1. Are there any pairs with C-beta distances below 7 angstrom linking a residue in the range 195-213 that is under 15 Å from Ser253 (Cα atoms) to a residue that is β-branched (Val, Ile, Thr) and part of a loop (DSSP other than H, G, I, E, B), with the two at least 6 apart or on different chains, and if so which?
2. Answer yes if at least one residue in the range 76-87 is closer than 26 Å to Ile206 by Cβ, modelled with pLDDT of 95 or more and small (Gly, Ala, Ser), and no otherwise.
3. Select from the range 318-355 the residues that are more than 21 Å from the chain's Cα centre (by Cα), β-branched (Val, Ile, Thr) and either surrounded by 11 or more Cβ atoms within 10 Å (Cβ to Cβ) or not assigned by TED's automatic domain parsing to the domain that holds Ala289 (or both) and list them in ascending order.
4. Any residue that is within 22 Å of Pro194 (Cα to Cα) and touching a residue at least 24 places away in the same chain (Cβ under 8 Å) - is there at least one of those in the range 112-129?
5. Pick out the one residue from Ile200, Ile206, Ile174, Ile135 that is of a type in the set (A, V, I, L, M), at pLDDT below 95 and within 25 Å of Ala114 (Cβ to Cβ).
6. Could you say which residue among Lys242, Lys257 is in the same structural domain as Val270 (by TED's automatic domain parsing), touching a strand residue (DSSP E or B) at 6+ places or on another chain (Cβ under 8 Å) and in contact (Cβ under 8 Å) with a residue 40 or more places away in the chain?
7. Residue pairs, Cβ under 6 Å, 6 or more apart or interchain, first in the range 215-229 and over 23 Å from Arg327 (Cα atoms), second of a type in the set (Lys, Arg) and surrounded by fewer than 19 Cβ atoms within 10 Å (Cβ to Cβ). List them.
8. Checking the conditions here, which among Ala83, Ala93, Ala74 is under 25 Å from Leu138 (Cα atoms) and either over 17 Å from the mean Cα position of the chain (by Cα) or surrounded by 23 or more Cβ atoms within 10 Å (Cβ to Cβ) (or both)?
Amino acid sequence: MNFPAAALQDAVAYFPAAAGTTAPACSICIANYNGTALLEECLASIHAQRGGTSVEIIIHDDASTDGSVEWIRAHHPEVELLASRENVGFAIANNRMVACARGEFVLLLNNDAALFPDALESLSAEARRRSNCGILTLPQYDWKSGELVDRGCRLDPFYNPVPNLKSSRDEVAITIGACLFIPRTLWNDLGGFPEWIGSIAEDMYICCLARLRGYTVAATPASGYRHRQGASFGGNRVDDGKLKTTFRRRALSERNKTAVMVICTPTALVWPLLALHFLALAFEGAGLAALTRNGRVWREIYRPTLGYILHAPRRLRALRREAQGARRIGLRGYLRGFVPIPRKLVLLRRYGVPSLR
């Protein structure tokens, strides 16, 4: 393994596994924070893979306080372990792991997910089949119910993910970062996850960037993975017929989706869309704060997001210029992964006002 630069060595403790001289076909990267109760089933699903795809497993522990590092070292010495001295978030954790990876492909896998036995075989076959392979995912199934959650996602006009449930539709706008398969060379060309994004919507960013450059984003027709939605970050799932999330997750989501919108939306369409987005969020925030009778909703989610939108064009101009300068598809091609109806209206009608904690 080629360990990254000295700056990374200062940030993490490195516990190497016995690595062979031949590079593996796939590097499986697992970002972990206080996931001791989750990791065993995740790792067991990797070791149970059929088809003979060679792998290395890299775990980045994000300054856990539950003894994760000690548990991994004691029970899974085959893992390449990066133990961060401070909590740095999902984006930096994955960037560090991919910097260490040797595989032709990289699979980013959540610690609260478990692969079906033919998952790597299916991903590898689909990648070989596609001449312009970009980013792939597997069908996602709920951990408890076993129901299909999505086959990747499309996006609404305001960049809210819309689950794709059709087996006949393989190409989508984004994949969820809980299971994201990408050629390592493409990851490096795209620059990985932007560190400023922290957590939430980093998967949206890299998928939209890949699509702008003419690469496909798709789900495999077969296999899948089980996922405890919301276990690793909190919220973002339906329980007892109610949509539940957290203040922190919602605030990060609104901010980061706005950033992706500004950077990746082709043509001058982005500016009227951003203005409409501002108005929609102002109305939504005022309404949600009134309905819940909770001023935190406005103070912690919507007021910061609206302030961010006002300054977004200036903050993100250089990133937008770089992304659009490398664009290889037109507006029509980019919008193929979008749907016209705002996702939040659908969820409001189906589940009512979301619960925040």
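The values are calculated or read from the model by the stated rules, or taken from the named source; none is laboratory data. Predicted model only: the values in this text are computed from it and were never measured. Ideal geometry is used to build each Cβ from the backbone, glycine not excepted, and the neighbour counts take in all protein chains shown.
1. Pairs that qualify, where the first residue is under 15 Å from Ser253 (Cα atoms) and the partner is β-branched (Val, Ile, Thr) and part of a loop (DSSP other than H, G, I, E, B), are Asp203/Thr175; Asp203/Ile176.
2. Yes, the conditions are met somewhere in the range 76-87.
3. Ile329, Val346, Val353
4. No, because not a single residue in the range 112-129 is within 22 Å of Pro194 (Cα to Cα) and touching a residue at least 24 places away in the same chain (Cβ under 8 Å).
5. Exactly one residue qualifies, and that residue is Ile200.
6. Lys242
7. Cβ pairs passing all conditions: Gln229/Arg237.
8. From the options Ala83, Ala93, Ala74, the qualifying one is Ala93.
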